[in-house]
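Working notes for the structure below.
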Amino acid sequence: KDKFIDKLGTFYIVFIMAVPSLGYIFIFRAIGAAIGLPTVFDMENPTWLMYVLPIVSLALPSIANLMKWLRRYMIDQMNSDYVKFARSGGLSEGEIFSKHILKNAIIPVVHGIPSSVLFSLTGAIITERVYVVPGVGNVLTKAINAYDNGVIVGVTLFYAVLSIISIIMGDVLMSMMDPRISFTSKAR
């Protein structure tokens, strides 16, 4: 069962990483249209269903990226000496997984979570155009087409501030997860 789940997860990661983002946005749009989900935002008759396809299109690449790195770090941790020592000490596989492997493997992954959220927001530029979502990405593309430099600079500044905040949040989350990292200076 575990090998099947691993193979399914690996297939998902490879599929999302191999297909260009515009390609899977249109794939998800076609699948959504086939099962009856709205493919454009209708502000006259709003429904929660019109959020499903844009959210799926933005979330799945970030999830695949996090899964890829978490899997890689977990495999590295499973082959570590301290895991072998914990097995020889009589700990169950569940205890070894939760207390040792996952705890140590998630440290580098946590640093990338805010940037994944940022990527979802900045990647929304294409998604907002495809699904006709009234958002900042749609405003940016319209401003570029209209040569509206003030709006272009404003939206770019907005994305730059979001980038800085996400980098700082990544560092803060990393320090919360890894006890070896501290923002206080020690006497040398």
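The values are calculated or read from the model by the stated rules, or taken from the named source; none is laboratory data. What you see is a predicted model; the values in this text were computed from it and never measured. Please note: Cβ atoms are built from the backbone with ideal geometry, for glycine as well, and neighbour counts cover all protein chains shown. For accessibility, only protein heavy atoms count, side chains too; no ligands or nucleic acids. Shrake-Rupley method; radii C 1.70, N 1.55, O 1.52, S 1.80 Å.
Does the range 103-188 classify as rounded, prolate or oblate by the C-alpha gyration tensor (a ≥ b ≥ c root eigenvalues; a/c under 1.5 gives rounded; else a/b over b/c gives prolate, otherwise oblate)?
Working: a/c = 6.01, a/b = 2.26, b/c = 2.66.
It is oblate, given that a/c is not under 1.5 and a/b is not larger than b/c.
Only one of (i) 0.97; (ii) 1.02; (iii) 1.08 was calculated from the structure for Rg/Rh (Cα atoms, Kirkwood Rh), and its label is (iii).
Relative to the longest principal axis of the Cα atoms of the chain, the long axis of helix 52-78 makes an angle of roughly 20 degrees.
Look at the alpha carbon pairs under 8 Å that are at least 6 residues apart: their mean separation over the length of the range 1-113 gives a relative contact order of 24 percent.
Residues with beta-carbon under 14 Å from that of G89, excluding G89: net charge, scoring Lys, Arg +1 and Asp, Glu -1? Intermediate results must be reported in sequence, preceding the final value.
Numbers: positive: K84, R87, K99; negative: D81, E93, E95.
Once positives and negatives cancel, what remains is 0.
Per the helix-only calculation at 222 nm, which mean residue ellipticity applies to the chain, given -39500 (n - 2.57) for every DSSP H run of n ≥ 4 and division by its residues, nearest 500 deg cm²/dmol? Intermediate results must be reported in sequence, preceding the final value.
On the way: 9 runs with 138 residues, N = 188.
Mean residue ellipticity, 222 nm, calculated: -24000 deg cm²/dmol.
Counting Lys and Arg as +1 and Asp and Glu as -1 over every other residue whose Cβ lies under 12 Å from the Cβ of V132, the net charge comes to +1. Taking only alpha carbon atoms, the range 11-56 gives an Rg to Rh ratio of 1.05, where Rh is the Kirkwood radius.
The residues neighbouring T39, those whose beta-carbon lies less than 15 Å from its own, together hold a net charge of 0 under the Lys/Arg +1, Asp/Glu -1 convention.
Surface composition of the range 134-188: carbon and sulfur atoms hold 69% of the protein heavy-atom accessible area at a 1.4 Å probe. Largest mean-square fluctuation among F28, F85, F119, in a Gaussian network model of the chain whose springs join Cα atoms under 10 Å apart, belongs to F85.
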